[in-house]
Amino acid sequence: MTSVVVVGAGLGGLSTALSLHHWGIEPPVILEQTAELDAVGAGIQLGPNANRVLERLGVLDEVCAVSFEPETADFLDGRRGTMLQSIPLRSWVAQKFRQPFLDVHRGDLQTILAKAVEERLPGSIRVGSRVDDVGQHENTTFATLDDGRTINGDVLIGADGVHSRVRQAVVADQVPARFTGHVAYRMLVPRADIDAASMPRPSVSIWLGAHGLVVSYWVRGGELYNIVTVTENSEWRAESWRIPGDVDALRSSFRGWAPQLHALFGAATDIHQWALLDHPVPRLWVRDRIALLGDSCHAMLPYLAQGAAMALEDAWLVGQALAEDPDPARALRRYSVSRVERATRVHAQSTKSGEVYQRSSPAWRFLRDLALTTMGRLFRDRFLRRLEWIYSFDPTNQVLAGR
């Protein structure tokens with residue numbers, strides 16, 4: 001049987017382990033650099049394409065139990081707080097795709113995945129295992145840890161994020177993650193701390209304005225309200241989930257925006273700040289027996305809310321590839337060829353959506369808001385159809401590229 005080493009125990013690495021288990025592949029070794037798996041991060045959104053994978057991995061019911069299913073997606077004028085368009089998200093998704101659209105705290109999802117891995121593959125997660133180097137010989141791969149130990153496997157999969165060590169062994173023209181000039185704040189607000197006059201709707205709210213964007217929604221069954229703001233900042237470069245954010249700097253960045261937003265900012269108990277980075281998507285995600293998945297390969301901007309979903313799609317299909325083909329190197333090539341076109345398209349559309357949302361020209365913002373208002377009243381179905389290519393994709397029902 002094929003032995004697999006997975007670098008990284010985030011969403012991509014853990015779902016890869018569960019995928020390998022599903023496909024009957026030998027339990028992997030999962031190398032995680034942190035001393036323990038902390039339930040850190042912000043809210044994330046899981047569309048039907050992601051939830052098809054979670055269902056096949058046997059964890060969707062548990063994820064639903066800690067998530068929130070928004071009724072609508074609301075586009076609002078960030079300064080006036082007025083509604084530009086409201087899309088019936090829950091009913092449309094359920095009818096069209098037979099899967100839910102979920103808002104979940106990233107830490108809750110990671111906890112569920114880690115628990116499932118420990119139950120099905122006990123002892124496979126090795127925390128405190130920082131990888132210094134990876135490579136391969138003719139029929140084997142290796143990961144060298146910072147304490148000098150070497151872990152070998154038939155295949156090595158890099159699920160180690162935007163600053164991936166494994167990427168350096170796969171992508172020949174190594175380009176560092178690009179700072180986009182945008183900085184995000186994320187924060188959580190307990191429901192009990194929100195004034196009744198500012199109580200948000202059961203929706204995903206997208207607040208649009210000059211030089212900034214705010215996306216907010218409920219998580220943890222409606223107990224917490226998750227807020228992510230994005231603003232321009234050419235100086236900030238730090239990229240971490242754990243850097244504290246300054247509420248006064250946040251308020252200054254969004255001076256003049258709707259009072260209900262500032263009321264939510266003031267009630268936030270957990271504010272963090274990080275730079276938004278992205279990677280160009282390489283044409284090939286593998287080199288012989290080493291492969292990439294998730295942010296290590298195609299880190300993207302959050303404007304389509306597809307970062308986690310792409311990692312879940314990757315995880316399912318790399319497991320399928322290794323199960324279907326007895327030649328590990330050939331299997332990984334099939335995985336790469338099968339994934340690159342879709343991931344590249346999602347990556348490009350995420351970047352384009354960010355440009356549309358954040359253009360600062362008053363004339364452009366007027367036309368954008370007018371288009372949203374008009375489409376909401378007259379052409380809602382056309383607007384929804386623009387998302388179908390993302391959500392209709394079923395990773396669990398794919399024929400991989402030929403041998």
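Values as computed for the structure displayed
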item	result
Long-range neighbours under 6 Å by Cβ, at least six apart or interchain, first residue farther than 17 Å from Pro28 by Cα within the range 315-331, second part of a helix (DSSP H, G or I)	Asp325/Ala331
Candidate set: the range 1-46, residues that are among the β-branched types (Val, Ile, Thr) and under 14 Å from the mean Cα position of the chain (by Cα); chosen: the one farthest from Arg220 (Cα to Cα)	Val40
Conditions (1) among the small types (Gly, Ala, Ser); (2) out of contact with any helix residue (DSSP H, G or I) (no Cβ under 8 Å at 6 or more places or on another chain); (3) in a loop (DSSP other than H, G, I, E, B); number of the one not met by Gly161	(2)
Residue identified as under 20 Å from Tyr303 (Cα atoms), at pLDDT 95 or above, among the polar types (S, T, N, Q) and assigned to a helix (DSSP H, G or I) among Thr344, Thr396, Thr351, Thr373	Thr344
Among the residues listed as Gln85, Gln110, the single one being closer than 30 Å to Gly256 by Cα and polar (S, T, N, Q)	Gln85
Residue match in the range 360-367 (condition: at pLDDT below 95, over 22 Å from the mean Cα position of the chain (by Cα), part of a loop (DSSP other than H, G, I, E, B) and of a type outside the set (Ser, Thr, Tyr))	no
Some residue of the range 146-157 being surrounded by 14 or more Cβ atoms within 10 Å (Cβ to Cβ), more than 23 Å from Asp288 (Cα to Cα), touching a Phe, Trp or Tyr at 6+ places or on another chain (Cβ under 6 Å) and not charged (D, E, K, R)	no
Residue check for Pro100: more than 22 Å from Lys115 (Cα to Cα), assigned to a loop (DSSP other than H, G, I, E, B) and in contact with a helix residue (DSSP H, G or I) (Cβ under 8 Å, 6 or more places away or on another chain)	yes
Residues being surrounded by fewer than 18 Cβ atoms within 10 Å (Cβ to Cβ), under 24 Å from the mean Cα position of the chain (by Cα) and not hydrophobic (A, V, I, L, M, F, W, C) - total across the range 260-287	4
Pairs, first within 14 Å of Arg186 (Cα to Cα) in the range 243-259, second hydroxyl-bearing (Ser, Thr, Tyr) and outside any helix (DSSP H, G or I), C-beta under 6 Å, six or more apart	Gly245/Tyr185; Leu250/Tyr185; Ser253/Thr231
Qualifying residue in the range 302-309 (condition: surrounded by fewer than 24 Cβ atoms within 10 Å (Cβ to Cβ), at pLDDT 90 or above and farther than 26 Å from Gly41 by Cα)	no
Positions within the range 310-351 being surrounded by fewer than 20 Cβ atoms within 10 Å (Cβ to Cβ), over 25 Å from His182 (Cβ atoms) and either under 11 Å from the mean Cα position of the chain (by Cα) or of a type in the set (A, V, I, L, M) (or both), in sequence order	Ala323, Ala329, Val337, Val340
Residue list for the range 47-73, filter: closer than 21 Å to Ala9 by Cβ and more than 18 Å from the chain's Cα centre (by Cα)	Arg56, Gly58, Glu62
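Condition check ((1) more than 20 Å from Gly12 (Cα to Cα); (2) in contact with a Lys or Arg (Cβ under 6 Å, 6 or more places away or on another chain); (3) without any contact (Cβ under 8 Å) to a residue 24 or more places away in the chain; (4) charged (D, E, K, R)) across all residues:
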position: Leu109; (1), (2), (3), (4): no, no, no, no
position: Val117; (1), (2), (3), (4): no, no, no, no
position: Asp146; (1), (2), (3), (4): yes, yes, yes, yes
position: Arg149; (1), (2), (3), (4): yes, no, yes, yes
position: Ile157; (1), (2), (3), (4): no, no, no, no
position: Val171; (1), (2), (3), (4): no, no, no, no
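The values are calculated or read from the model by the stated rules, or taken from the named source; none is laboratory data. Quick caveat: nothing in here was measured; it's all calculated off a predicted structure. Please note: Cβ atoms are built from the backbone with ideal geometry, for glycine as well, and neighbour counts cover all protein chains shown.
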